[in-house]
Amino acid sequence: MTSARTARSYPARLGSWLRPEPIRLALWELLLMRLFFAFIMWRALPQNVTQYRGQPEPNGIAHWVDLTFLVDPGQMQWVQWATWLALGFYVLGFLRVPALGCLLAAHVAICTFLNSQGAIGHTAQIVALAILGQLLAFAWAPIARRLGRALPHGYTPEQLAVDWARQAVMATYVISALTKLVRSDGRWILDAPLFALQIVKANGMDYYNTLQPAADDGMRWLAQLLLDHPWTAWFFIGAGLPLELFAFVACFNRRTGFWIGLMILIFHSTVSVTMQLGFRFNKLLMIAFFINLPFWIVWAARRWTGTPRIPACATALLMAGLLLLGTPAAARAELHPATAAWVGRKVWQNECGGTIEGLVSWNTGEQFASLGIGHFIWYPEGTSGPFEESFPKLAAHLAARGVSVPPWIRGACPWRTRSEFVAAKGGPQVAALRKLLADTVSLQTELLVMRMESALPKLLTETEASRRSVVRARFEALRGTKEGTFALIDYVNFKGEGTNPAERYNGQGWGLLQVLEGMRGEPSGGAAVGEFGASAARVLARRVGNAPPARNEAKWLKGWTARVSAYGRGE
Amino acid sequence: MRERLATWWSAVPCKLLWALVAICALLQEWYPFSHFPMYSNFEPYTYYVYVADETDQPVPLVSTFGIRAANLKKIYDRELRQLAKGLPRGMKSLSLEQRAVAGNYAIEFLRANTVDRRRTDALDGLRFYQVDIRMDHGHIAKHAQLIAEWRVPVP
C-alpha cells in the first residue's frame, strides 16, 4: 500500500519539480545580472583584427558587407568607443534597444570578419545570441504595449529580457545535441570511446599553439583509459548528449535552472581540463543567468532567519558592494590568468626567444648564468656583481609552491665560468635544470608579477615626497592595461627596479624608478605605454653614455632600444 | 483544427528557444547562428597540423601568426575539401601531392596574416606538418608527415 502510494507520488513530485513557472527576478537580481552580462559582452568583443588583410571566405553578413574596414585601427577605435558608450547606456538602463543593437552589430561584425578568414570559430556565438534575445525582448515590450498585449507571464521588460537571453543560451545546447544525433546517425553515445582520439588531438594542438611544455601528451593516460574501459566514455562523455538535448528544461524554473546550469558548468570545466578548451563565455553565462548564486544565498538566509525582507536587502547590498568596490581591488591583487599567461609568453619571447633551449644560458662576457623565462641571475660561489641575484628567489618560490627542487639548485651556481657551463651543456645537470624551468613557466610568471607588484612601495620610498604622487599615477596608469603591465614586468626584469645603489654609473640609475621619473606628463592607456617606452630608451642611452668604456655597452644599445620601443606598439 | 493548434502553441514553453533552434538548423553556419558541429561525429582516425621552421623546430602559432592550431587546421581542411570535391572517397582519396597544395595554401595564409613580422621575416623557411592519430591494436598511435614546405628564395 505504502509502496503504491510512493510510486504514484514520485512522478507527481518530479512533475511538480519540473513545472514551468514564471521566474520573477527581483530588482537587485536584475541589477546584478545586468552588470554581469555587461562584463560578459565586453569580454566577448574581440579587440584587435589588424593582422588580417581581407575576408577570403565570407561568412554571414560578410557575403553582403565588406568588413575589411575593421583592420584599420582608426575605424576599430570608433567601433570600440561606440561599444563602450552602448555598454554604459545598457548598464544604466537607458536607450536599451539602440544600445543592445549597437553591441550586437559590433559583435557580429567583428566576429563575422574573424570567421571569414577560412576557419569558423564557435567561442562567442552564445553571447551574440543572448544579446539578440535581450534585444528582441526590449524591442517587443513597447510594441506589445501599443498593441494592448501583456508581456508573457506578466513580466516586466527587463524580466522578459533575461528570460529570452536564457532561452537563447539554451538553444545553442539543444541544436548542438540535435547536430550530434544527425551527423553520427544516432551513434554518438556508442562511439563515445573514440573521443579519446579527440583528447589527444586537442592536447597536441594546444601544445603547438604556444609550445608550452607538458601540454602535448599530458592527457594521454585519460584517452587510453576511455579506450580500455569504454563504459567510462559511455557514462562520462555520453552523459553530455542528454544534458545538451534537455538543456531547455533549465528555462522552466529557478530549480531546474540552478541544477542544469551547475551540471553544464561542471561538464565544461571537465572538458576545459582534459582538452584545453576554454568555454569561458558558456561558463560565465551559466553562472550569471542560471546558477544565480545571490538568489540562493538570499533564499537560504530567509529560510534560516525567518525574516522575509531584511536579508534580501542586506545580501543584495553586500553583493553589489563587493561587485562594485571589490572588483578594482581584486584586479589590483592579481592578474587575470589569461593576461598572466600572455605576459609570461611575452617575457619568455623577449628573454629567451620563446625557446626551451633559451631557458638555460650564460651570455658571453657575463659572470652569471641566466635562467628561466625572465633570465633570472645565478652567481657562482664567491661571486657577486652589480646586478641583483634573482634565481635563488625563484628556486625558493618554486619550492614553496610544492615543486620538487633538487638541493644543488637551491645553492650557488655549480659552474664557475661560462666555459665550464658550455662544457657541461649536454650533461644531466643542465638537462634537469632545463626541464624544471620548462615545467614551471606559470610559476615563474607568478614570481615576475609579484616582483612587479611589490616594486611600487620600494619605488615610492626612494622618491622625493613631492614626486611620489606623480610616480604612483604613472605606475597605476601602466598597470591599468595589459600592455602596460607587460612593460612594467618586462622592464623590472630587464633592468631592475632602480633602487639598488650598486646599480649606478656616475650616480645615475637605469631601473624602473628612473624610467617612471623620466616620463613626460601623466598619460593614460596606450599613450602611457608609449611614453614609458620612450622614457626607457632615453634612460638606457644615458646609461650607455655613463658606462665605463671597457664594458663597451654601446653594442647592446640598439637591441635594448628596440625592445623598449616595442612596448608602445603592443609588441 | 486551427483553434486546437493555437491552443497547443500557446502551451509550448520556451518558444524563442525553439525558434532559434530552427533558425540555427536551417542556416547552419551564419554568424551568430550555428549548428555547432564540433565533436558531433567520432571516427577511429583524426589529425592535427603544426608548422616548423627550416631546422624543424616547431613555431608557436599564437605568438607568431596570431592563429590557433585548430583554426589553421580548419583552413587546411577547407582547401582539402575543395580538392576532394567529386572524388569517390572524398578527402581520403587525396594523394600527398594534392595535400601539398592545401598545405602550401595554409603556409601562404600564415605568411600573409602574421602578427610578428620581425620573427617571420627572420625565418628561412616554414614546414607544414600533419600529425595523423589513429587506433593501432587498441592503442593510440601518432605519425607526423611533412605536407608542404616553403623556403626563402635564394637571390
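The values are calculated or read from the model by the stated rules, or taken from the named source; none is laboratory data. All figures in this text were calculated on a predicted structure; none of them were measured in a lab. Using ideal geometry, Cβ is built from the backbone for each residue, glycine included, and neighbour counts are taken over all protein chains shown. When the accessible area is computed, the model is the full protein with side chains, heavy atoms only, and any ligands, DNA or RNA have been set aside. Shrake-Rupley method; radii C 1.70, N 1.55, O 1.52, S 1.80 Å.
What's the number of the condition B:A52 fails, among (1) closer than 30 Å to B:H139 by Cα; (2) facing chain A (nearest Cβ under 7 Å)?
B:A52 satisfies every listed condition except (2).
Given the criteria assigned to a helix (DSSP H, G or I) and either within 14 Å of another protein chain (Cβ to nearest Cβ) or crowded, with 21+ Cβ neighbours inside 10 Å (or both), does A:L85 qualify?
No; evaluated as a whole, the condition is false for this residue.
For segment A:509-542, what are the residues that are over 11 Å from A:A487 (Cβ atoms), open to solvent by less than 10 Å² (accessible area, probe 1.4 Å) and of a type outside the set (A, V, I, L, M, F, W, C)?
Correct list: A:G509, A:G511.
Which of the residues that make up segment A:335-383 are within 20 Å of A:S419 (Cβ to Cβ), open to solvent by 20 Å² or more (accessible area, probe 1.4 Å) and either away from every other protein chain (no Cβ under 14 Å) or touching a helix residue (DSSP H, G or I) at 6+ places or on another chain (Cβ under 7 Å) (or both)?
Selection gives A:S361, A:N363, A:T364, A:G365, A:E366, A:Q367, A:H375, A:I377, A:E381, A:G382, A:T383.
Yes or no: segment A:397-409 includes at least one residue that is in contact with a Pro (Cβ under 9 Å, 6 or more places away or on another chain), surrounded by fewer than 16 Cβ atoms within 10 Å (Cβ to Cβ) and assigned to a helix (DSSP H, G or I).
In the first step, residues of segment A:397-409 are kept if they are in contact with a Pro (Cβ under 9 Å, 6 or more places away or on another chain); the result is A:408.
Then drop every residue that is not surrounded by fewer than 16 Cβ atoms within 10 Å (Cβ to Cβ), which leaves A:408.
In the following step, the residues that additionally are assigned to a helix (DSSP H, G or I) were identified as A:408.
Checking segment A:397-409: at least one residue is in contact with a Pro (Cβ under 9 Å, 6 or more places away or on another chain), surrounded by fewer than 16 Cβ atoms within 10 Å (Cβ to Cβ) and assigned to a helix (DSSP H, G or I).
Of the residues that make up segment A:252-265, is at least one outside any helix (DSSP H, G or I) and either over 30 Å from A:Q349 (Cα atoms) or more than 12 Å from every other protein chain (Cβ to nearest Cβ) (or both)?
yes
In segment A:18-32, what count of residues is obtained for those that are open to solvent by 50 Å² or more (accessible area, probe 1.4 Å) and either assigned to a loop (DSSP other than H, G, I, E, B) or at pLDDT below 85 (or both)?
5
Could you give every pair whose Cβ atoms fall below 6 Å, whose first residue belongs to segment A:119-137 and is closer than 27 Å to A:P152 by Cβ, and whose second residue is open to solvent by less than 30 Å² (accessible area, probe 1.4 Å) and not in a helix (DSSP H, G or I), counting only separations of at least 6 or pairs across chains?
Between residues of segment A:119-137 that are closer than 27 Å to A:P152 by Cβ and residues that are open to solvent by less than 30 Å² (accessible area, probe 1.4 Å) and not in a helix (DSSP H, G or I), the close pairs are A:Q125/B:P32; A:Q125/B:S34; A:V127/A:A44; A:A128/B:P32; A:L129/B:P32.
If A:A99 meets every condition in (1) within 26 Å of A:R254 (Cα to Cα); (2) among the hydrophobic types (A, V, I, L, M, F, W, C); (3) touching a helix residue (DSSP H, G or I) at 6+ places or on another chain (Cβ under 6 Å) apart from one, which number is that one?
That leaves (1) as the condition not met.
Looking at this structure, is B:V154 within 13 Å of chain A (Cβ to nearest Cβ) and at pLDDT below 85? Can you show your working first?
On the way: within 13 Å of chain A (Cβ to nearest Cβ): no; at pLDDT below 85: yes.
Considered against the rule, which asks whether it is within 13 Å of chain A (Cβ to nearest Cβ) and at pLDDT below 85, B:V154 comes out as no.
For segment A:52-69, which residues satisfy the criterion of being part of a helix (DSSP H, G or I) and either more than 14 Å from chain B (Cβ to nearest Cβ) or in contact with a Cys (Cβ under 8 Å, 6 or more places away or on another chain) (or both)?
The initial filter retains those residues of segment A:52-69 that are part of a helix (DSSP H, G or I), namely A:60-63, A:67-69.
Result: A:F69, single match.
Please find, among A:E503, A:E497, the residue that is over 34 Å from the mean Cα position of the chain (by Cα), modelled with pLDDT of 80 or more, assigned to a loop (DSSP other than H, G, I, E, B) and not polar (S, T, N, Q).
A:E503
Identify, by number, the condition in (1) under 18 Å from A:V169 (Cβ atoms); (2) open to solvent by 20 Å² or more (accessible area, probe 1.4 Å); (3) polar (S, T, N, Q) that A:Q276 doesn't meet.
Result: A:Q276 passes all but (1).
For segment B:79-107, name all the residues that are free of Cβ contacts under 8 Å to residues at least 24 places away in the same chain and within 11 Å of chain A (Cβ to nearest Cβ).
The answer is B:Q82, and nothing else.
Any residue in segment A:478-501 that is within 19 Å of A:A341 (Cβ to Cβ) sitting within a Cβ distance under 7 Å of a residue that is surrounded by fewer than 22 Cβ atoms within 10 Å (Cβ to Cβ) and of a type in the set (D, E)? List the pairs, counting only those 6 or more apart or interchain.
Every condition considered, no pair remains.
Any idea which of (1) within 14 Å of chain B (Cβ to nearest Cβ); (2) closer than 28 Å to A:V298 by Cβ; (3) open to solvent by less than 20 Å² (accessible area, probe 1.4 Å) is the one A:G15 doesn't satisfy?
(3)
For a quick check of your reading: which strands (runs of 3 or more DSSP E) sit entirely within segment B:37-155 and have at least 2 residues that are buried (at least 16 other Cβ atoms within 10 Å of the Cβ) and charged (D, E, K, R)? Show your work before the answer.
Numbers: elements: B:45-53, B:125-136, B:139-151.
Passing ranges, in order: B:139-151.
Just wondering, is there one or more residues in segment A:148-162 that are under 30 Å from B:Q57 (Cβ atoms), at pLDDT below 95 and part of a loop (DSSP other than H, G, I, E, B)?
First, pick out the residues of segment A:148-162 that are under 30 Å from B:Q57 (Cβ atoms): none.
No: zero hits.
Could you identify the single residue in A:L114, A:L135 that is more than 10 Å from every other protein chain (Cβ to nearest Cβ), in a helix (DSSP H, G or I) and open to solvent by 10 Å² or more (accessible area, probe 1.4 Å)?
Working: A:L114 fails: more than 10 Å from every other protein chain (Cβ to nearest Cβ).
Residue meeting the stated conditions: A:L135.
Would you confirm, using the coordinates I've provided, whether A:T68 is farther than 22 Å from A:L285 by Cβ, of a type in the set (S, T, Y) and open to solvent by less than 40 Å² (accessible area, probe 1.4 Å)? Lay out the reasoning, then the answer.
On the way: farther than 22 Å from A:L285 by Cβ: yes; of a type in the set (S, T, Y): yes; open to solvent by less than 40 Å² (accessible area, probe 1.4 Å): yes.
Spelling it out, A:T68 is indeed farther than 22 Å from A:L285 by Cβ, of a type in the set (S, T, Y) and open to solvent by less than 40 Å² (accessible area, probe 1.4 Å).
Considering (1) at positive phi; (2) touching a Ser or Thr at 6+ places or on another chain (Cβ under 8 Å); (3) more than 8 Å from every other protein chain (Cβ to nearest Cβ), say which one B:T64 fails and leave the rest.
Only one criterion is unmet by B:T64, namely (1).
Any idea which of A:A109, A:A38, A:A44 is in contact with a helix residue (DSSP H, G or I) (Cβ under 7 Å, 6 or more places away or on another chain) and away from every other protein chain (no Cβ under 14 Å)?
Numbers: A:A109 fails: away from every other protein chain (no Cβ under 14 Å); A:A44 fails: away from every other protein chain (no Cβ under 14 Å).
Residue meeting the stated conditions: A:A38.
State which residue is farthest from the other protein chains (Cβ to nearest Cβ) when the search covers only segment A:156-194 and only residues that are touching a Pro at 6+ places or on another chain (Cβ under 7 Å) and either open to solvent by less than 60 Å² (accessible area, probe 1.4 Å) or touching a residue at least 40 places away in the same chain (Cβ under 8 Å) (or both).
A:L160
Is it the case, given these coordinates, that A:A144 is more than 7 Å from chain B (Cβ to nearest Cβ) and buried (at least 22 other Cβ atoms within 10 Å of the Cβ)? Even if it seems obvious, please write down each step before you answer.
Values: more than 7 Å from chain B (Cβ to nearest Cβ): yes; buried (at least 22 other Cβ atoms within 10 Å of the Cβ): no.
When the stated conditions are applied, A:A144 does not pass them.
Can you name every residue in segment B:21-36 that is part of a loop (DSSP other than H, G, I, E, B) and at the interface with chain A (Cβ under 7 Å from one of its Cβ atoms)? Steps first, please.
Keep residues of segment B:21-36 that are part of a loop (DSSP other than H, G, I, E, B), which gives B:28, B:31-32, B:35-36.
B:Y31, B:P32, B:H35, B:F36, listed by residue number.
From A:V49, A:V97, A:V91, which residue is facing chain B (nearest Cβ under 10 Å) and β-branched (V, I, T)?
Values: A:V97 fails: facing chain B (nearest Cβ under 10 Å); A:V91 fails: facing chain B (nearest Cβ under 10 Å).
Exactly one of A:V49, A:V97, A:V91 is facing chain B (nearest Cβ under 10 Å) and β-branched (V, I, T), namely A:V49.
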